[in-house]
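Take a look at the structure set out below.
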Amino acid sequence: MPNFFDINSIFFTVWGYAMSYLEFFGVVSGAVAVWLSARANVWSWPIGAASVVLFFFLFYQIQLYPDMFLQVFFFVTNLQGWWRWTHPKSGEENKLDQLKISRMPTRQLITWSAAGIAVTALLGTFASNLHTLFPIAFSKPSAFPYVDSFTTTMSIVATYMMIQKRVECWYVWLLVDVVLTYVYYVKDVKLVSAEYFVFCFIALQGAWYWTREYQTYSHLKTSVKS
């Protein structure tokens, strides 16, 4: 019986690349969750929660420790997002009685971006020293501590925006996806890298779809006034 959560337990081999159970099912469930998010479908949250559990074990085994910690955050926020989308406040609901899409105020966007850069520096320093601070838990140095910390931090920012259904979340996700496509390729988890390459296009689709739906709200308001 293979260990499902061991990256060395191989599901199949394709073109000389050994695919683990962990990587394959983490990628598939994650791809479904992101595609549903781009369609503003509430089922993206519970499916995403299952995916992040798998990626938690994956990232630990390839020494992407900030990404590993990020999965804990993602698990909590997937539950939070599921609740937020299905329980909008009065006046925030759309025709499906779910949270409406909105835009983030410019000042708030600048504040979150600046905070993201500051946290990246702090987290990167911490990640680069994990193997010396906690050698029993982290036997190898963190790979790409500052780059990984940047994508971790900006993923948190993007997730916060997504929970609030802000259009801008997709542009932050696009930046994160481009960087992670390279990182995962270098770390030799090729399917994950390919997934994030596809995520770049889904982020563009999400930005287009959410912007289009947001614009319909303005149209409806104009129609009601006239």
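The values are calculated or read from the model by the stated rules, or taken from the named source; none is laboratory data. Here the structure is a predicted model, which is why all the values come from computation and not from measurement. Here the Cβ is made from the backbone with ideal geometry for all residues, glycine too, and neighbour counts use every protein chain on show. Note: areas computed on protein heavy atoms with side chains; ligands, DNA, RNA excluded. Shrake-Rupley method; radii C 1.70, N 1.55, O 1.52, S 1.80 Å.
Observations
- Count of lysine pairs in region 81-215 with Cα separation under 26 Å (8 or more residues apart, or interchain): 6
- Most mobile listed residue (89, 100, 187) in the chain, GNM with C-alpha springs under 10 Å: 89
- Nitroxide proxy distance, nm - points 7 Å out along Cα→Cβ at residue 194 and residue 97: 4.2 nm
- Degrees, to the nearest 10: 190-225 long Cα axis against longest axis of the chain: 10 degrees
- Neighbour cut-off at most 16 other Cβ (10 Å), DSSP loop, chymotrypsin sites (Phe, Trp or Tyr not before Pro), region 1-95: 4, 5, 15, 43
- The chain - accessible surface per residue (Å², probe 1.4 Å): 53 Å²
- Dipole moment magnitude, nearest 20 debye, the chain about Cα centre, only Lys, Arg, Asp, Glu C-beta charged: 840 debye
- Two-decimal log10 I(q)/I(0) for region 108-201, as the Debye equation yields it once each C-alpha is a single scatterer, q = 0.14, 0.15, 0.16, 0.22 Å⁻¹: -0.58, -0.65, -0.73, -1.10
- Given charges at Cβ of Lys, Arg, Asp, Glu: region 69-144 dipole, positive-most of 135, 72, 91: 91
- In Å, descending, principal axis extents of the Cα set of region 150-205: 34, 23, 13
- Quarter of Cα convex hull surface for region 51-93, i.e. mean projection, nm²: 3.2 nm²
- Carbon plus sulfur fraction of accessible area for the chain, probe 1.4 Å, in percent: 69 percent
- Cα-based radius of gyration of region 66-127 once divided by 2.2 N^0.38 Å, which approximates compact folds: 1.49
- With Cα atoms as the point set, the chain shows a radius of gyration and Dmax of 18.8, 68 Å.
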